[in-house]
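One structure is given here, and the rest of the page talks about it.
The values are calculated or read from the model by the stated rules, or taken from the named source; none is laboratory data. Treat the numbers as computed from the prediction; the structure is a model and nothing was measured. Backbone-built Cβ (ideal geometry, glycine too); neighbour counts: all protein chains shown. Heavy atoms of the whole protein, side chains included, go into the accessibility calculation; ligands, DNA and RNA do not. Shrake-Rupley method; radii C 1.70, N 1.55, O 1.52, S 1.80 Å.
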Amino acid sequence: MRRFSLSLLRHISSSTALALTGTCRFHRRLCFTASRPQYRSIVPAHSCQQTRTESTAASQHIQDLSGPEQRLLNKLYDGLIGGQRASLAECITLVETQHPRKKELAQVLLQRVLAYRREQESRNGGKPVAFRVGLSGPPGAGKSSFIEVVGKMLTGRGHKVAVLAVDPSSCTTGGSLMGDKTRMTELSRDMNAFIRPSPTSGTLGGVTRTTNEAIVLCEGAGYDIVLVETVGVGQSEFAVADMVDMFVLLIPPAGGDELQGIKRGIIERAELVVVTKSDGDLVVPARRIQAEYTSALKLLRRQSKSWNPKVVRASSQTFEGIPEVWAKMEAYREAALASGELQGRRRAQQKVWMWSLIQESVLCHFQNHPGVREALPHLEERVTKGAISPGLAADLLLRAFSSSSSSQ
């Protein structure tokens with residue numbers, strides 16, 4: 001585990017290392033050519049040394065790759081950039097693996113894809129080339145049917161659509177049904193669409209730990225629309241909002257107490273609320289729910305200065321309202337790009353996702369620590385018998401972890 005933690009510093013590709021070297025030259029020019037003291041205060045004294053260290057670590061990690069590993073990464077990267085769906089599926093499988101060495105290879109591949117994406121964005125005037133949309137809602141809201149109809153419409157207009165569908169895993173067996181592809185029969189046969197179902201594997205928030213990396217890979221493969229369908233888990237549905245440009249909430253009509261069923265927390269994160277199944281006998285209830293949510297959203301604090309959340313009705317069966325829904329999504333994207341909020345949101349999301357991965361890695365390191373594993377069975381037994389409180393047991397485990405780590 002310690003080897004893996006140290007190897008995280010070596011996951012920067014050669015292109016990133018060149019960019020860091022250029023930054024270091026710029027810092028040196030400011031430090032040594034500027035005579036005014038305020039320039040010296042802008043750049044930390046250790047920044048140049050740190051960037052040189054990161055560049056050396058990146059080059060060393062590239063040299064550590066064996067011949068077969070280098071050929072594998074080149075094959076996957078070339079196929080991914082070429083838009084091959086099979087290569088994209090292999091890349092996502094590599095990212096999702098739990099094997100330590102393959103995780104390192106996945107990070108090297110991701111850095112190459114990120115460098116390619118930065119090059120595309122620079123050609124696009126610094127604007128993102130892909131649009132990320134997160135879709136969530138309670139079970140039975142019609143998420144898969146909605147995605148298939150919208151996806152077919154977008155591919156017909158010349159877009160390439162990637163769908164990352166997340167299925168809940170069983171708490172007892174750990175298995176997952178993975179049935180989203182079977183519900184999107186037409187879209188799964190479309191050559192301009194890519195559907196990837198993934199299990200949650202116990203992750204809270206309805207997304208997998210590698211969903212963000214899968215989004216990057218889909219964008220590298222040339223998909224300009226990425227739809228993330230998540231498990232409808234009510235108040236815990238916040239993780240997807242931290243990795244997409246727009247969060248869309250799908251709600252069915254006649255679902256009981258509408259404003260109680262979907263809690264306030266998830267409504268506050270939604271830029272667009274879509275009342276699905278607005279056809280037949282459900283048109284009247286759908287209009288009533290649309291009016292209720294429109295009034296409710298006016299009472300909530302605005303998340304964006306350039307956009308007011310909208311509530312629309314749509315039917316996947318009759319196609320009514322589907323073009324209007326996409327028009328609202330495009331209007332949000334244009335407003336967010338014009339105000340710069342979308343670019344700022346993506347930068348903030350990268351920091352949030354970095355810390356979430358750090359928390360996961362630290363917890364894994366804690367659970368596999370020898371001192372913790374030695375004391376854990378005894379403390380668990382005492383907690384279950386009521387001899388000590390869970391808080392005291394946690395303090396003792398943390399003390400064992402910190403004392404052993406400091407003595408090594």
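Protection proxy ranking for 191-197, 71-77, using the average of other Cβ atoms within 10 Å per residue and placing the highest first: 191-197, 71-77. In whole percents, the pair-distance distribution calculated for the stretch 245-382 from its alpha-carbon pairs, binned every 10 Å from zero, is 10, 29, 24, 16, 12, 9, 0. Taking all protein chains into account, the per residue accessible area for the stretch 92-153 stands at 39 Å² (1.4 Å probe).
Between Ser304 and Arg101, what FRET efficiency follows from the Cβ-Cβ distance if R0 is 45 Å, with the result rounded to 0.05? Here the calculated transfer efficiency is 0.60. Amide H contacts of Ala162 (H built 1.01 Å from N, in plane; Pro and chain starts excluded): Phe194, Ile225, Val226, Leu227 sit under 5 Å, all sequence-distant by 5 or more or on other chains.
Loop-only GluC sites (Glu not before Pro) in the stretch 289-382, please: DSSP not H, G, I, E or B, and at most 14 other Cβ atoms within 10 Å. Write out the running numbers ahead of the final one.
Numbers: sites: Glu292, Glu320, Glu324, Glu330, Glu334, Glu341, Glu360, Glu374, Glu380, Glu381; in loops: Glu320.
Loop-located and lightly packed - Glu320.
Cross-link pairs exceeding 19 Å between alpha carbons, from the set Lys277/Lys310; Lys127/Lys298; Lys143/Lys305; Lys305/Lys328; Lys75/Lys102: Lys127/Lys298; Lys143/Lys305.
At a probe radius of 1.4 angstrom, the accessible area of the stretch 271-395 per residue rounds to 61 square angstrom. Within the shell of other residues whose beta carbon sits under 15 angstrom from the beta carbon of Gly158, the net charge comes to 0, with Lys and Arg scored +1 and Asp and Glu -1.
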